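First the structure, in the form of structure tokens, and then the observations on it.
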Amino acid sequence: MSEPQNSTFRPRIFSGIQPSGGLTLGNYLGALKRFAALQGGEAETIYCVVDLHAITVWQEPEQLRMRIREAAAAFMAAGVDPAKSVLFNQSQVSAHAEMAWLFNTVARVGWMYRMTQFKDKAGKNSENASLGLLAYPALMAADILTYQATAVPVGEDQKQHLELTRDIAAKFNHDYKVDHFPITQPLIEGVATRVMSLRDGSKKMSKSDPSDASRINLTDDADAIAQKIRKARTDADPLPGSADGLKDRPEARNLVNIYAALSDETVDQVLARFEGQGFGAFKPALAEVAVASMAPITKAMSDYMADPAEIDRVLADGADRAEAIARPILDRTKDIMGLLRTR
């Protein structure tokens, strides 16, 4: 069976973020900013707060509800318009969980054990990890393929999960001799798809880092942003004239990448302006750009969070729209597999 041609499917982009709290500049530049930029093009855009993924590890229920709303607020504050995109939380559309079970029968156990994120999160005590933590890549595939999404914006660290989604789609199509699911393509673009720690340029910026100085939070005020950039680890060398000169300078490369992503420039354009200058000159300029970019987002998030009923209304409307797309695709999947539907 040949690989399905995505040209036969309606162009559709899907992506989501977990409501795990503590969203950072990395979430904004690597995901939210890109999500907003993809709106209004040829492809329909569907964005999801993936709360079913969040519960693969223990969550305090009231805190989880707050974080779901916070993640939705971050989507909207970053420019995702519910009138242009479908925005909802995953658990309100049961097709995700239903499709995930169908994919559990398609995916192989060995595929799951090879996933690096399971190894990282389960650690040495994998026997005590939840079954959901092992199987959640099948749910991720369901998130994507329930909408027959043809493309997914992903960071480098998510490429393995998208490969598994493609494997599931290809195996399903081959086993049932259909072209039902597209072979979803990754959208990896931009200069800061992977934002690194301000304290260690070899590590990804993360809310789980014990040092708050390692990251810029979406809730940080202007003073906190400026202070964190001022204290960010760098080296003593001046900035080069091209990106090649940053090859073995991870902290310098990270800060320049952040500047370029926030200012919508290329790395070489930024370096042409700052060539030969040290970080004593570059950091204040970066802080100015970061504050100008992030302050409106912080303010908008706060405004949205002050009206949780409006967030709930947006998510409910998005869930209805998502359900209208997902249900026929799920029903057709059941038909292909031979499951009896009498209503």
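The values are calculated or read from the model by the stated rules, or taken from the named source; none is laboratory data. Worth saying up front: this structure is predicted, and the values here are computed from it rather than measured. Please note: Cβ atoms are built from the backbone with ideal geometry, for glycine as well, and neighbour counts cover all protein chains shown. We work out accessible area using only protein heavy atoms, side chains counted, and drop any ligands, DNA or RNA first. Shrake-Rupley method; radii C 1.70, N 1.55, O 1.52, S 1.80 Å.
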One residue from Ala295, Ala290 being touching a helix residue (DSSP H, G or I) at 6+ places or on another chain (Cβ under 6 Å), within 16 Å of Ala226 (Cα to Cα) and surrounded by fewer than 16 Cβ atoms within 10 Å (Cβ to Cβ): Ala295
- prompt: Cβ-Cβ below 7 Å, separation at least six or inter-chain, first residue in region 101-116 and under 20 Å from Thr146 (Cβ atoms), second at pLDDT 90 or above and among the hydroxyl-bearing types (Ser, Thr, Tyr): which pairs?
  reply: Leu102/Thr333
Which numbered condition Met205 fails, given (1) within 30 Å of Leu145 (Cβ to Cβ); (2) open to solvent by 30 Å² or more (accessible area, probe 1.4 Å); (3) in contact with a Ser or Thr (Cβ under 6 Å, 6 or more places away or on another chain): (2)
- prompt: Just a yes or no: is a residue in region 46-60 among the β-branched types (Val, Ile, Thr), crowded, with 24+ Cβ neighbours inside 10 Å and touching a Lys or Arg at 6+ places or on another chain (Cβ under 8 Å)?
  reply: yes
Pair list, Cβ under 6 Å, 6 or more apart: region 213-224 residue among the acidic types (Asp, Glu), other residue surrounded by 22 or more Cβ atoms within 10 Å (Cβ to Cβ): none
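Going by the conditions given, is Ala281 of a type in the set (Gly, Ala, Ser), out of contact with any Leu (no Cβ under 6 Å at 6 or more places or on another chain), under 24 Å from Leu29 (Cα atoms) and surrounded by 15 or more Cβ atoms within 10 Å (Cβ to Cβ)? It would help to see each step written out before you state the result.
On the way: of a type in the set (Gly, Ala, Ser): yes; out of contact with any Leu (no Cβ under 6 Å at 6 or more places or on another chain): yes; under 24 Å from Leu29 (Cα atoms): yes; surrounded by 15 or more Cβ atoms within 10 Å (Cβ to Cβ): no.
When the stated conditions are applied, Ala281 does not pass them.
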- request: Identify the residue in region 131-166 that is outside any helix (DSSP H, G or I) and not β-branched (Val, Ile, Thr) and, among all such residues, is modelled with the lowest pLDDT.
  value: Gly155
